[in-house]
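Below is one structure, written out as structure tokens, with a few remarks after it.
The values are calculated or read from the model by the stated rules, or taken from the named source; none is laboratory data. What you are looking at is a predicted structure, and each value in this text was computed from that prediction instead of being measured. With ideal geometry, Cβ positions are generated from the backbone for all residues, glycine too; neighbour counts draw on all protein chains shown. We work out accessible area using only protein heavy atoms, side chains counted, and drop any ligands, DNA or RNA first. Shrake-Rupley method; radii C 1.70, N 1.55, O 1.52, S 1.80 Å.
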Amino acid sequence: MHRIITLALLSMPACVAALAHAGDGLPDPDFGNHAPGISLVDVVVNAEISIDEADVLLLLPDGGLLVGGHTQFAHARPPVLSLVRLDAGGQRDPGFGSNGAALIDPGAGVRSPRPVALLARDDGGWLLLASASFDDAGALLLCRVAATGTPEVACMRLPAPPGLTFRFGPMAAASDGQGRILSLASVGPPAFSLNTDLAVARWHADGSPDADFGDDGAVLLTRFDELAGQVTRETAAGIAVDGGGRIVIAATSLPRGVDGDGTPVFAAARLLASGQIDTAFGEGGARRLPVSLPVEARALAVAADGSSYLGGHALVGTAPASHFECALARLDAQGDVDAGYGDGGILRIAFETGAASDAHCTALAAQPDGRLVAAGVSRNHDVPEAGNDLAAVRLWPDGRIDRGFGNRGNGRYIGAVDLGGVSGNMDRLDALAWHDDHLHAAGSARSGYNQDEFVAVRLRADGLLDDGFD
């Protein structure tokens, strides 16, 4: 799990709106090695079948991109973490790793490693945080990589809070802006239990716990159980620091019982920089969003005014006619649900309009004028052989779709990557960021049998206000 973007949104008066400029949401022809606006990277360049999937990205000062993901080999070779550096034109940077790509061994016995954050160090190197499994439990890895792409030391496994075990599944991580690392993960007792809670931890850059944060470096969030009135299982979706230094987290909260599970809902909480629960947020520091449809949170965005956006997907209808739609929610600075955002606080969006389709939102980013972009994957069931496509949609601050964005004439970008395979595309975006009038996204593309490659996309996205529009 992946996909954590901290956003800086500017408030926009109701009487002022931004006009979409020509080419907004279209591929940038100045970027790409495969097609305009699209770069592909086969991380392991040889005849062996491999699966390369990008999970996180970092924008570089020179306009380039650092993309982190994982690579799974054929023939039962253990998977590795992988980094790719692209220049401002979307070409491999030959000065990084081997022809622009670096492989990082997560360590013996580590399974299913997936990056959750990629952070810059002051000395020019990188910190790569990854979720994994080890000894039938979850693991949080910290890998140090030199500026040249060379791993500096073996990846270290960060410890769970005392008396608890990391549960295998999505994790999240981010920088606190002061050189320290924040992590969000599901934890529970070593023995099996229906209940799992979330733990927020803060680490120094060397991987040691920050003893000044919470209880010896970690905070256990149990408020969701209290709000639900029963045992719940929380799954991490995102963590970010707002303009006041407070820590905001997003998650999926699932009620659990011996007779079965309840309906999963979006959930959020906020901590003070010290690690104390911020009781001014939501209901005693947390909020579970009431919904009538099952939802899963996958991404978080925090605005400059203190409001928060949660993104994921909702399951709509019943089998065999059920499908997924992108789901978004907005909480104000006090943690109250914006009931005017969508239907009762949940905004649902289909990427493919007028068609039977699935839409999953896995990443969020914002432009300086306050418009929000959600990206992920779209599948049109009316054309099953087409497979999954890259997808993005842009919204005004009040949740209306910005119809001046994209390549479909309706506020949406839908893109397919043709790798020349014999089966349908399996394309997706999993990380998203806005910078310098462009949207940058990373994910993976597949065509054929078990041949995936990193994909990086750059779209034009002018975020300037038109002062003549009222």
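Summary of computed values
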{"item": "Qualifying residue in region 46-55 (condition: among the acidic types (Asp, Glu), part of a loop (DSSP other than H, G, I, E, B) and in contact with a strand residue (DSSP E or B) (Cβ under 8 Å, 6 or more places away or on another chain))", "result": "yes"}
{"item": "Check on Gly245, surrounded by fewer than 19 Cβ atoms within 10 Å (Cβ to Cβ) and in contact with a helix residue (DSSP H, G or I) (Cβ under 8 Å, 6 or more places away or on another chain)", "result": "no"}
{"item": "Residues (farther than 19 Å from Val417 by Cβ, among the acidic types (Asp, Glu) and at pLDDT 90 or above) located in region 26-66", "result": "Asp62"}
{"item": "Selection from region 161-211 of residues that are within 13 Å of Gly138 (Cβ to Cβ) and open to solvent by 30 Å² or more (accessible area, probe 1.4 Å)", "result": "Leu164, Thr165, Arg167, Phe168, Pro170, Pro190"}
{"item": "Selected residue (criterion: most open to solvent (accessible area, probe 1.4 Å)) from residues of region 249-259 that are part of a loop (DSSP other than H, G, I, E, B) and touching a residue at least 60 places away in the same chain (Cβ under 8 Å)", "result": "Val258"}
{"item": "Residue match in region 116-136 (condition: open to solvent by less than 10 Å² (accessible area, probe 1.4 Å), outside any strand (DSSP E or B) and touching a Lys or Arg at 6+ places or on another chain (Cβ under 8 Å))", "result": "yes"}
{"item": "Output for region 59-90, where each listed residue is outside any strand (DSSP E or B) and either of a type in the set (Phe, Trp, Tyr) or buried (at least 22 other Cβ atoms within 10 Å of the Cβ) (or both)", "result": "Gly90"}
{"item": "Residues of region 98-111 satisfying the condition of being in contact with a Pro (Cβ under 7 Å, 6 or more places away or on another chain) and not in a loop (DSSP other than H, G, I, E, B)", "result": "Ile104"}
{"item": "Evaluation of Arg144 against (1) surrounded by 18 or more Cβ atoms within 10 Å (Cβ to Cβ); (2) touching a residue at least 24 places away in the same chain (Cβ under 8 Å); (3) not polar (S, T, N, Q) (one fails), failing number", "result": "(2)"}
{"item": "Residue in region 294-301 that is touching a Gly at 6+ places or on another chain (Cβ under 6 Å) and basic (Lys, Arg) present", "result": "yes"}
{"item": "Selection within region 278-315 - among the acidic types (Asp, Glu), farther than 30 Å from Ala356 by Cα and open to solvent by 30 Å² or more (accessible area, probe 1.4 Å)", "result": "Glu283, Asp305"}
{"item": "Every pair of residues 6+ apart whose Cβ atoms lie under 7 Å, when the first sits in region 412-426 and is modelled with pLDDT of 75 or more while the second is assigned to a strand (DSSP E or B) and open to solvent by 50 Å² or more (accessible area, probe 1.4 Å)", "result": "Met426/Arg446"}
{"item": "Candidate set: region 41-56, residues that are open to solvent by 20 Å² or more (accessible area, probe 1.4 Å) and within 21 Å of the chain's Cα centre (by Cα); chosen: the one farthest from His440 (Cα to Cα)", "result": "Ile51"}
{"item": "Residues of region 227-248 that turn out to be in contact (Cβ under 8 Å) with a residue 40 or more places away in the chain and assigned to a strand (DSSP E or B), as a count", "result": "11"}
{"item": "Residue list for region 260-277, filter: more than 15 Å from Arg233 (Cα to Cα), assigned to a loop (DSSP other than H, G, I, E, B), open to solvent by 10 Å² or more (accessible area, probe 1.4 Å) and of a type outside the set (S, T, N, Q)", "result": "Leu272, Ala273"}
